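Novice: Could you have a look at this structure, given as structure tokens, before my questions?
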Amino acid sequence: MRGGDAGHHVKANAGLGQGCVQHLSRRPDEGAACQILLIARLFTDARSIHRFDGRAVDDATLRALYDLLKLGPTGFNAQPGRYLFIRSAEAKAHLADGMSSANRDKTLAAPLNVVVAYDTRFHEHLPTQFPAYDAKAFFDQSPDWIEPTARTNATLQAAYLIFAARALGLDVGPMSGFKADRVDAAFFPDGRYRSLLLANIGYGVRDGLPPRGPRLAFDDAVSVL
Ligand SMILES: Cc1cc2nc3c(=O)[nH]c(=O)nc-3n(C[C@H](O)[C@H](O)[C@H](O)COP(=O)(O)O)c2cc1C
């Protein structure tokens, strides 16, 4: 299995849905094949994609996406990430207004965009989401912890979104190249949510995709003590 060749297209582009789940439970040998397919779809064949075919991403897929990403772990189970999905031309125009010029056209052309933001009052949900002890009181008494906790965990949730989307057969193009103050003014005017990351989502087109950039070698990135 090789990953990252320009123009290479994963044949099982419909995602790893029910069929794979059934194979995993019934036929261990086919289950192994499914695991290889899953690794390819999530990692070795997956790319950051900003060009998409004409297929829309329907509401059922958005719900399936959230139902997967929400399971990723967060500190205190705090789940500070908030997800604004954008499809309409009007909302796209507001979003494009806040994009860097390099990202504007592809943002407008994508069938779906997502703004991943964090909730600056995420701790208000802690009594129901983390009833083990009174974590809300900790944040009420330590307000300096709110922002870094929200950013760290919502950033993790943005990564869960990327990988959940890949598992469902979608492609994602993440982007930091936008003006957060403009995006926040357009979509979160009361100041409660703050945008962290944007992404284009759809069914990717790989023609013309440049080869994957190199990755640091194990010895350059990893220490083992
Ligand atoms: C946090 C983050 C910010 C990024 N910002 C941009 C961006 O503003 N514009 C863009 O075209 N790509 C952006 N990318 C895409 C990266 O360049 C891409 O993920 C990286 O080169 C790896 O490419 P690959 O997934 O195809 O191997 C961003 C990716 C991440 C994760």
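Novice: Please give the per residue volume of the convex hull enclosing the alpha carbon atoms of the stretch 99-184, rounded to a whole number of Å³.
Specialist: Spread over its residues, the Cα hull of the stretch 99-184 gives 118 Å³ apiece.
Novice: How many Lys pairs in the chain lie less than 23 angstrom apart by Cα atoms, where the lysines are 8 or more positions apart or on different chains?
Specialist: Going through the chain pair by pair, I get 4.
Novice: I would also like to ask the following. Calculate for the chain the 222 nm mean residue ellipticity that helices alone would give, adding -39,500 (n - 2.57) per DSSP H run of length 4 or more and normalising by residue count, nearest 500 deg cm²/dmol.
Specialist: The helix-only estimate for the chain comes to -12000 deg cm²/dmol at 222 nm.
Novice: With a 10 Å cut-off between alpha carbons and a GNM built on the chain, which of Ala165, Ala117, Ala186 moves the most?
Specialist: Highest fluctuation among the options: Ala186.
Novice: At 0.36 nm per residue, minus the direct Cα-Cα distance, what do Ala89 and Glu124 gain on full extension? Give it in nm, one decimal, please.
Specialist: Full-extension gain reported as 9.2 nm.
Novice: Taking 8 Å as the Cα distance limit and 6 or more residues as the minimum spacing, I'd like the relative contact order of the chain as a percentage.
Specialist: Computed over the chain, the figure is 32 percent.
Novice: What is the extension gain from Ala56 to Thr155, computed as 0.36 nm multiplied by their sequence separation minus the C-alpha to C-alpha distance, in nm to one decimal?
Specialist: 33.1 nm
Novice: Arg104 to Arg206: FRET efficiency via 1/(1 + (r/R0)^6), r the Cβ-Cβ distance, R0 22 Å, to the nearest 0.05?
Specialist: 0.50
Here, each number is a calculation from the coordinates, and none is a lab measurement. This one's a predicted model, so the numbers in the text were calculated from it and none came from an experiment. A quick note on method: Cβ atoms are made from the backbone with ideal geometry, for glycine too, and the neighbour counts reach across all protein chains shown.
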